[in-house]
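Down below is the structure, laid out as structure tokens.
Bear in mind these aren't lab numbers, they're just calculated from the coordinates by the rules spelled out. Keep in mind that this is a model prediction, so the values were computed, not measured. Every residue, glycine as well, gets a Cβ built from its backbone with ideal geometry; the counts of neighbours run over all protein chains shown.
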Amino acid sequence: MYEGLDLERVPRHVAIIMDGNGRWANARGMHRTQGHAAGEPALFDVIDGALEIGVKWLTAYTFSTENWSRDPEEVEFLMHFNVDLLQRRRDELHSKGIRIHFIGERDDPRVPQDLRDRINDAESLTRNNQGMHMVFAFNYGGRTEIAQAVRAIAEEASAGRLDPASVTAQSIAARLYLPEMPDPDLVIRTSGELRISNYLLWESAYSEYVFTPVLWPDFDRHTLVDCIIEYQQRDRRFGGAEDRSGPGPAST
Ligand code: IPE
Ligand code: IPE
Ligand code: MG
């Protein structure tokens, strides 16, 4: 199907930082918002490609908790664009058997009510779907996600329902936005920026990162596959020792 891709070792969860929309638009003398609009077909081609090769979980960063600091006009555009996109694309995703999830602060009063309603509707509509999980990280920040998990633990402890001495990493993992989401195997960032920008901080502890200079609107299923091929060349060790298949050290 795709030369060089090992279909037996496709990552279960691919998480993407879709970056570079503004630069893509600037390079064409367009407004930044036109860059965001041009990012939509890229995302939907990637969704189809992910379905085609058998990715089980796909997460896309659509709005960070830091993106509120942008020009109000751009923030307003992004909010409406997200409502509009869900309206137009929800049934299409549903018909492909995709289960839609949102992670992030959806109840933030700055998020328009109609967008919150659409988010809840999309999740309920697709609740029983058995195909790929599509996660939108919207008004998402990794530090906020961890903080709200810690707050939940503190509340349970102060109500006497949890012994503070029993708190482990697993206690935090169980209180993240979507506890059933497996950790990402691969995190991809487009546009050449080499940073994490508050994305999936807890979940990506052992993820492989692939950075590509391609600007998001130019990304598609083929660039996705190129990133996955790069991932397949990595040796994931999770803190263990290198896996040497040759003979072990000579015994004395
Ligand atoms: C990513 O593209 C989309 C969002 C953050 C919503 P940018 O808007 O960050 O594009 P650049 O990085 O300015 O080119
Ligand atoms: C990260 O991109 C957020 C999204 C892609 C939604 P940014 O463009 O906001 O990140 P920085 O500001 O370059 O770190
Ligand atoms: Mg950016």
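Some observations on this one:
- Kyte-Doolittle mean at least -1.0, axial Cα span of 15 Å or more - DSSP H helices of the chain: 32-53, 72-95, 142-158, 221-232
- Cβ-based charge dipole, the chain, positive-most Cα from 167, 219, 119: 167
- When the helices of the chain are scored as -39500 (n - 2.57) per DSSP H run of n ≥ 4 and the total is divided over every residue, the value at 222 nm lands at -13000 deg cm²/dmol.
- Cα gyration tensor shape for the chain, rounded if a/c is under 1.5, else prolate or oblate: oblate
- Each peptide in 125-136, 229-240 receives the mean, over its residues, of other Cβ atoms within 10 Å, and ordering these scores from highest gives 125-136, 229-240.
- Electrostatic dipole magnitude of the chain [Cβ: Lys, Arg +1; Asp, Glu -1; Cα centre; debye, to 20]: 240
- Dimensions (Å) - the stretch 46-136, Cα atoms, principal axes, largest first: 38, 22, 20
- Charging the Cβ of each Asp and Glu at -1 and of each Lys and Arg at +1, and nothing else, the dipole of the stretch 120-252 about its Cα centre rounds to 240 debye.
- Going from the fewest other Cβ atoms within 10 Å to the most, the residues 226, 91, 185 appear in the order 91, 226, 185.
- The order of the peptides 201-209, 66-74 by mean Cβ neighbours within 10 Å, most packed first, is 201-209, 66-74.
- Look at the dipole of the chain built from charges on Cβ: of 201, 87, 153, the Cα furthest out on the positive end belongs to 153.
- Distance between the stretch 24-38 and the stretch 140-181 - C-alpha centres, whole angstrom: 40
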